[in-house]
Amino acid sequence: MKYTNVRTAISLVKDFCRNNKKSVVSFSAVFALGLVLGIFITINAVGGEFERIARADMELSAVKVFFTASFMLAAGYGVILLSAAASSLVVVALIPFGVLGYYFGKYMCLLGASYGALGLVNLFIIYTPFFLLSFICLLVAGVRAVNAIGCNKMKNTLVALLKIYGVNVGINFVVFVVIGAFAKVIVVGF
């Protein structure tokens, strides 16, 4: 029975990607570009010398990171909602993906280079799942906003985005607060 559920889930993902190929490719490309830019800009900002950031400056707070991430994602969902207002604003939906990718690249560099073993644990257990699952939620929200049609498209898109944002905040809570209770969550500052 589990095998059938997995096959159904894989089929749904394939259908979603096939039906929304342009949006999925565009959003993924901007996310990847933001990730690469985040890595290069962060490395260039310190000249490759991450030792300047002292480990004594490390701040640990799962709740602070949860609320900050949830607020920033709310801003991203607001930008995506704006893209549903008119067909000429569809390009605006790319902005949250670029920003999310940029911060993912920046956090990868800082956690890996500056905070040692605890930074790597945070990168793999806390931050990578957060960024990738947030990307997936934003991808679904972006496709929903870009494909919105009809008289009540803003209202319908708002309701759909609020539901997706709720799922995203739930994921953030599990990643940062629940898992963060076992692994110390680093507040990345640069």
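The values are calculated or read from the model by the stated rules, or taken from the named source; none is laboratory data. If you're wondering where the values come from, they're calculated on a predicted model, not measured in any experiment. Because the Cβ atoms are built from the backbone with ideal geometry, glycine has one as well, and the counts that use them run over all protein chains shown. Areas reflect the complete protein model, heavy atoms only, side chains present, ligands, DNA and RNA absent. Shrake-Rupley method; radii C 1.70, N 1.55, O 1.52, S 1.80 Å.
Some values worked out for this structure:
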quantity: Subset of segment 132-185 [open to solvent by 10 Å² or more (accessible area, probe 1.4 Å) and of a type in the set (Phe, Trp, Tyr)]; calculated: PHE135, TYR165, PHE173, PHE182
quantity: Which numbered condition VAL63 fails, given (1) outside any loop (DSSP other than H, G, I, E, B); (2) open to solvent by less than 30 Å² (accessible area, probe 1.4 Å); calculated: (2)
quantity: Of residues in segment 18-30 being open to solvent by less than 50 Å² (accessible area, probe 1.4 Å), assigned to a helix (DSSP H, G or I) and of a type outside the set (Gly, Ala, Ser), the one modelled with the lowest pLDDT; calculated: VAL24
quantity: Residue check, GLY105 free of Cβ contacts under 8 Å to residues at least 12 places away in the same chain, touching a helix residue (DSSP H, G or I) at 6+ places or on another chain (Cβ under 9 Å) and not β-branched (Val, Ile, Thr); calculated: no
quantity: Cβ pairs under 6 Å, 6+ apart, first in segment 58-73 and aliphatic (A, V, I, L, M), second open to solvent by 80 Å² or more (accessible area, probe 1.4 Å); calculated: LEU60/LYS184
quantity: Out of GLY98, GLY112, sole residue that is touching a residue at least 24 places away in the same chain (Cβ under 8 Å) and touching a helix residue (DSSP H, G or I) at 6+ places or on another chain (Cβ under 7 Å); calculated: GLY98
quantity: Per-region count, segment 91-127, residues of a type outside the set (A, V, I, L, M, F, W, C) and either open to solvent by 30 Å² or more (accessible area, probe 1.4 Å) or at positive phi (or both); calculated: 6
quantity: Pair list, Cβ under 9 Å, 6 or more apart: segment 170-190 residue within 16 Å of ALA117 (Cα to Cα), other residue of a type in the set (Ser, Thr, Tyr) and not in a helix (DSSP H, G or I); calculated: GLY180/SER61; VAL185/SER61; ILE186/SER61; ILE186/TYR115; VAL187/SER61; VAL188/TYR115
quantity: Contacts under 7 angstrom Cβ, first residue in segment 124-152 being within 12 Å of ILE80 (Cα to Cα), partner open to solvent by less than 10 Å² (accessible area, probe 1.4 Å) and outside any helix (DSSP H, G or I), 6 or more apart; calculated: ALA145/ALA84; ALA148/ALA84
quantity: Given (1) closer than 21 Å to ALA69 by Cβ; (2) hydroxyl-bearing (Ser, Thr, Tyr); (3) open to solvent by 20 Å² or more (accessible area, probe 1.4 Å), index of the condition SER88 fails; calculated: (1)
quantity: Which numbered condition GLY34 fails, given (1) among the small types (Gly, Ala, Ser); (2) at pLDDT below 90; (3) in a helix (DSSP H, G or I); calculated: (2)
